[in-house]
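This report refers to the structure that appears directly beneath it.
The values are calculated or read from the model by the stated rules, or taken from the named source; none is laboratory data. These figures come from a predicted structure and were not determined experimentally. Here the Cβ is made from the backbone with ideal geometry for all residues, glycine too, and neighbour counts use every protein chain on show. Note: areas computed on protein heavy atoms with side chains; ligands, DNA, RNA excluded. Shrake-Rupley method; radii C 1.70, N 1.55, O 1.52, S 1.80 Å.
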Amino acid sequence: MRPRLCDHADVKTEPPSDPRILVLLVEDDERLAALTREYLERHGVAVSLARDGPAGLKAALGGKHDVVLLDVMLPGLDGLAVCQRIRERSDVPIIMITARGEEADRVLGLEIGADDYVPKPYSARELLARIRAAVRRARGRSGPRSRTVSVGELVLDPGARAARLAGRNLDLTGYEFSLLYALAERAGRVLSRDRLMELARGSAEESFDRSIDVHISRLRLKLGDDSRRPRLIRTVRGVGYQYAGDGEA
């Protein structure tokens, strides 16, 4: 049986105040794609469709989408390969949608550049909430953040979604920027994984601990932080993470 959209008790919601959201849905299950598109468009989201991996990759790299919803099991080119190729050339938020719900699959998707992960069968309301959260992060409005944060050689400008370290521009995804901002704004404090998920997402949406570990690993790589002996983002075993400020040991 093919995965289906789970939305047994749809509740009327007010149209979002955000500018219209443009979503690319890459899904080969025509019925599921049609149901998802219908629901999202009823809630103010414009949806374009691609039926296979190559078409999805072409559309993602050639369009002006706010979010890409990417199935893993696609003909022509699987979703993980599509995600990796998109991330090589674009920082558009990517939400993986798949029936493969094992943690290893979720972690792999995050490691190659996905921002979020929704297992099938999924709730349409939850998917919509995750889309809006991804757009808020990408547009720099995931919370009441407006001030530039400077910690040592790190400078974060949430208005421009710009990050610089020692004068070098950092190429961060929306989620990575939100995560780094949460840590840097509270430099010296230890933040639990749950608290980081809440701060970076702008809400207490469901996630899993390992996702934070993956994003921290990617952040360290982009910051040039040694993963074995990190000086900027430190692990406090059994508790969470801390931005260490000037990076002194």
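Overview of results
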read-out	value
Angstrom value of the Kirkwood radius, inverse mean 1/r, which spans all Cα pairs in the range 43-196	16.7
Largest to smallest accessible area among Lys222, Lys64, Lys120 [probe 1.4 Å]	Lys64, Lys222, Lys120
Cα-based convex hull, the range 112-193, per residue volume (Å³, whole number)	114
Hypothetical label at Glu41: residues of the range 108-141 whose amide nitrogen lies under 18 Å (7 Å Cα-Cβ projection)	124-125, 128
Fraction in percent of alpha-carbon pairs per bin - 5 Å, the range 67-139	3, 17, 29, 26, 18, 6, 0
Simple spin-label estimate for Ala104 and Ser150 in nanometres, 7 Å along Cα-Cβ	4.8
Inter-probe distance in nm under a simple model that places probes 7 Å from Cα toward Cβ, at Ser217 and Lys64	3.7
